[in-house]
Amino acid sequence: MSKIAGFFNFSIKNILTDNLSIIDRARIRLVYYGLLLAMVGIAVIIPNALTLRDDIQLTSAYFLLGTFFILFKYFTYKPDFVLVSHALLIVGTFFQLFSVGVTFQSINIIIIQLIILIILYSFYMLGAKWGTIYSLANVLPVLGYLIYSDFNNTLLSIKPEKIDSYTMIVGLFFNFILIMFIQGHFYGAFLKNIKQLKELAQSEKQLNDKLEIAIQKSEKSSQVQSDFLSTMSHEIRTPLNAVIGMSNLLMMESPRPDQKENLEILRFSAGNLLTLINDVLDFNKIESGKISFENIKFNLNELMNNICGGQMLKANEKGLNFQLHVDDFFKSKYIIGDPTRLSQIIFNLVSNAIKFTTRGGVKVAVTCAQDRLNEVVIRFSVRDTGIGISTEKMNAIFEPFTQESITTTRQFGGTGLGLAIVKRLLELQNVNISLVSEEGVGSEFYFLMTLPVSSEMIVPEVQTVPRVMVTNMDRSDYKLANLQVLIAEDNPVNVMLMKKLFSKWGIAPVIAENGERAIELFQYGNFDIILMDLQMPILDGFEAAKAIRKMADPRKANVPIIALTASALFDIKDKVYDSGMNDYVSKPFKPDELVEKMMGLVTPQVA
């Protein structure tokens, strides 16, 4: 409603506020000016009634004038137009019924005007429900009177009053003025309201257009950001590949102890830089929504041992005790889910635990919380005896680029993205991560994940094939000598690195500086495998691979192709397979990873 004015207020300006709608402002004006007009009309009639000494008319005039003044004063003090409107309609209805049944005992033009006034006023002021009620309360008794008077002259035995011409003229005039005022006032208000709605609709359309443009700009900005990160990743990974590759090569040359220490520092720093780049790219991939989850069968026990195998070495290097416990339940059953994303989650949690623990140890536990018919609730837990986290910082550490404190960042390094990535990956799978921690004592991160269980049982392997481990890059270890390898690579530093690396394996690769040259060399040569860079001038790796797959010679068309890429585009994996390539290795790559994939695709020729 409106604001509450002072008791001695008589001005309409003090009861109108800007927050009122056009209709409500019109209603307040109607009550205010309608009461004033009604009081003026009654005041004009009173002198005539005094002259004629018409007691009934005079009493009615005094009653209405007093009632209207009281309502007017109340309204200017507390402008509740609903309450005042009900009061006016009740008084009007009573006066109309009294006039028809007692005062005049007939239906005259003033009574008809009064009924029209009540109908208009009730609908405009109180809406359809109360408008109908007050209209029926006035119309039905009048209709009943007309039906009854058709059989009888009057309702009562007393003689009815007659309206003199002056009162009739004044009554008709003011009634018409009030009818015209109500109709004209609300007609103008409705027109203004319609105009305002039209302007509002146009304003909303303009706002929606601006919002659409803003969304497009935001999406474009997000795409530009993703492209920028991808490009920067490629540009950073390319020289980083040379740094890490050369470090590995130098480590194979049996360096002196002081040289070995320097190379270890160099390789460690390059590895840290690669981890930071990967964290930023992974987080950007998650935030952009360009991530999906697989549902494939995997051995959880084997997965956990693979994840924690390398981490155990890190822990031992720091003098930490590392424990991994996996329930026997998972040693005989396959789980269905996304092992890659689960590995990323566990790897980040374990790496974090080792990083922030200087004494004691780290314990990783995978337990069966609930075994259902076709699914299992798994509790994953990573506990450490590290620095711990204060209570007020527990929620903050899951935010991107955030660590427990600046001191922590300076002391332990990192981007502060590991836990943010973990949280986002779990939330995308409707899983919440929990934390229990105490400063100076340690922390435990745990979460419950419900995954389907495969009906297929795990059959223990009778003979296991040893994994290829690069401990000594001797060609006799890998039996790769005399393998014919074509490398498509345009970066001269990477070319030099690949030549040096392959020479350790007794391989003299043929180099093509672009995709077009790679196709030309492949057509006239005999190669067992192709290592294909993706971003090259003239013809990129994707198009070159497609052209090779279309060759008429089946042996050439089916040659194994491994993509070598420093790109971090979200759909790079799909693009590699769609172009016909067999596998891919991300730069900077580990020599043992490349050797494993090459051996898996070709039959090594024994030197």
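The values are calculated or read from the model by the stated rules, or taken from the named source; none is laboratory data. On a predicted model such as this, the values are computed, not experimentally measured, just so you know. Don't worry about glycine lacking a Cβ; one is built from the backbone with ideal geometry, like all the others, and counts go over all protein chains shown.
Just a few scattered comments:
Yes/no per residue for (1) closer than 18 Å to Q484 by Cα; (2) acidic (D, E); (3) free of Cβ contacts under 8 Å to residues at least 24 places away in the same chain; (4) surrounded by fewer than 20 Cβ atoms within 10 Å (Cβ to Cβ):
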position	(1), (2), (3), (4)
I548	yes, no, no, no
M551	no, no, no, yes
M581	yes, no, no, no
E596	yes, yes, no, yes
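- Scanning the stretch 492-514 for residues that are at pLDDT 90 or above and in contact with a strand residue (DSSP E or B) (Cβ under 6 Å, 6 or more places away or on another chain) yields P509, V510, I511, A512.
- When G525 is tested against (1) surrounded by fewer than 21 Cβ atoms within 10 Å (Cβ to Cβ); (2) more than 46 Å from the chain's Cα centre (by Cα); (3) closer than 24 Å to E596 by Cα, just one condition goes unmet, and that condition is (3).
- Members of the stretch 1-50 found to be part of a loop (DSSP other than H, G, I, E, B) and of a type in the set (D, E, K, R), listed by number: K3, D18
- Among residues of the stretch 294-323 that are farther than 14 Å from G337 by Cα, those with a Cβ under 6 angstrom from a residue that is surrounded by 13 or more Cβ atoms within 10 Å (Cβ to Cβ) and among the basic types (K, R), sequence gap 6+ or separate chain, pair up as Q323/K363.
- Taking the stretch 490-557 as the region of interest, none of the helices (runs of 4 or more DSSP H) fully inside it holds 3 or more residues being in contact with a Phe, Trp or Tyr (Cβ under 7 Å, 6 or more places away or on another chain), among the small types (G, A, S) and on the phi > 0 side of the Ramachandran plot.
- Residue within the stretch 42-60 that is touching a residue at least 12 places away in the same chain (Cβ under 8 Å) and closer than 27 Å to F190 by Cβ present: no
- Lone qualifier among Q105, Q57 - being crowded, with 17+ Cβ neighbours inside 10 Å, outside any helix (DSSP H, G or I) and modelled with pLDDT under 80: Q105
- Annotation: V362 fulfils all but one of (1) out of contact with any strand residue (DSSP E or B) (no Cβ under 6 Å at 6 or more places or on another chain); (2) surrounded by 14 or more Cβ atoms within 10 Å (Cβ to Cβ); (3) not small (G, A, S); (4) not in a helix (DSSP H, G or I); the unmet one is (1).
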